[in-house]
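Here the structure comes first, spelled out in structure tokens, and everything after it is commentary.
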Amino acid sequence: MTIAVSELSRTSAAAAALVTLLSALQAMVRDDRTAPLHAEEDRADVEAAKGGDPQAYESLVRRHMRRTLSIAWGIVRNAHDAEDLTQEAFIRGFEKIGSFRSGEAFGPWIYRIVTNLALDSLRRGKRHPTEELSPELPSASRSDARSSESMAAQIDAAIESLPQMQGLVARLFLVEELAHGEIALITGLSEGTIRSHLSHARRKLQQMLGELREEES
Amino acid sequence: MNDDDDLKSLRGAARALRYEPDDPLTYDRIAATVRSRIERPPSLMELFAAWLRPVTAAMAAATVIATVSSMVLATADDEVATTTPEIALLMEDIYRVAE
């Protein structure tokens, strides 16, 4: 009986790992955000956009708008506001492209603009009601999907429970999978502060995910 | 396992939290709005503002330069006024020694 239970839990763990892997693969196919920040392609388009070429700028917009929109949504948590902020960020980006330093990465630069706009909009308090995200997960097994879904929900709840800047740093690191240096460029914080925020986020996540595991067992 | 490794192990689950709009046309709409705004010819007011901005900056710079120059000249005049009697006094001294 004990062997049967342990076999069952091993199978369930393997299925959960498979679901996570499938989810990651599906997201990679669907989304270009897992790719590096397109530095080479961006450089030529930035130079052309500096010369006033709107088509080159549109290429930059198309390359970076998915992540820009997701970052905006993560802060304001409203689809309508996130779309408006993304548009505004790219328009401002075009207006300021002349001051963009050659050799700098375009991605973190535009993410910084949208982050500042989103934080400003929160400060002004002019926004629509917040929305909940329903994570898209493969339905290989209902219980496994439910387990991954509740894990994502716990991560989201943990991030939301953190102070604003800590939550932002945790979201950029975990959800958008950005590196410390990129997060530093976006938020204007030092890498040391980012590590400290992430350490705090990890403790919070450990606590919340521990509670979730206890509930499940 | 350090903090980073610990957190990176959660990235797989956290990826589901990336925002994907329900409306598939959202991305096209964003690109179209940005395109229309950056390709729009500037209005008369924008052209006027673009012309006025450097003129205002040049006038402000000229005002600052004029103010600083007049202050420097005034200080130099004061110095001349205070040093002249000393020279006279010195010459007087020399004259007295020669005597």
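Looking only at residues in the stretch A:162-188 that are of a type in the set (D, E, K, R) and touching a Gly at 6+ places or on another chain (Cβ under 9 Å), which one is farthest from the other protein chains (Cβ to nearest Cβ)? Ranking the candidates gives A:GLU182 first.
For A:GLU191, indicate whether it is more than 11 Å from chain B (Cβ to nearest Cβ) and in contact with a His (Cβ under 8 Å, 6 or more places away or on another chain). So A:GLU191 fits the description; yes. Among the numbered criteria (1) at pLDDT 95 or above; (2) within 11 Å of another protein chain (Cβ to nearest Cβ), which one does A:GLU95 miss? Here A:GLU95 clears every test but (1).
In this structure, does A:SER102 turn out to be assigned to a helix (DSSP H, G or I), more than 10 Å from chain B (Cβ to nearest Cβ) and modelled with pLDDT under 85? Criteria not met by A:SER102.
Residues that are at the interface with chain A (Cβ under 10 Å from one of its Cβ atoms) and under 38 Å from the mean Cα position of the chain (by Cα): list the helices (runs of 4 or more DSSP H) wholly contained in the stretch B:1-73 that include at least 3 such residues. Output list reads B:26-39.
Here A:LEU60, A:LEU85 are screened, and the one residue that is of a type in the set (A, V, I, L, M), more than 16 Å from B:THR26 (Cβ to Cβ) and buried (at least 17 other Cβ atoms within 10 Å of the Cβ) is A:LEU60.
The values are calculated or read from the model by the stated rules, or taken from the named source; none is laboratory data. What you see is a predicted model; the values in this text were computed from it and never measured. FYI the Cβ positions are ideal-geometry reconstructions off the backbone, even for glycines, and counts take in every protein chain you see.
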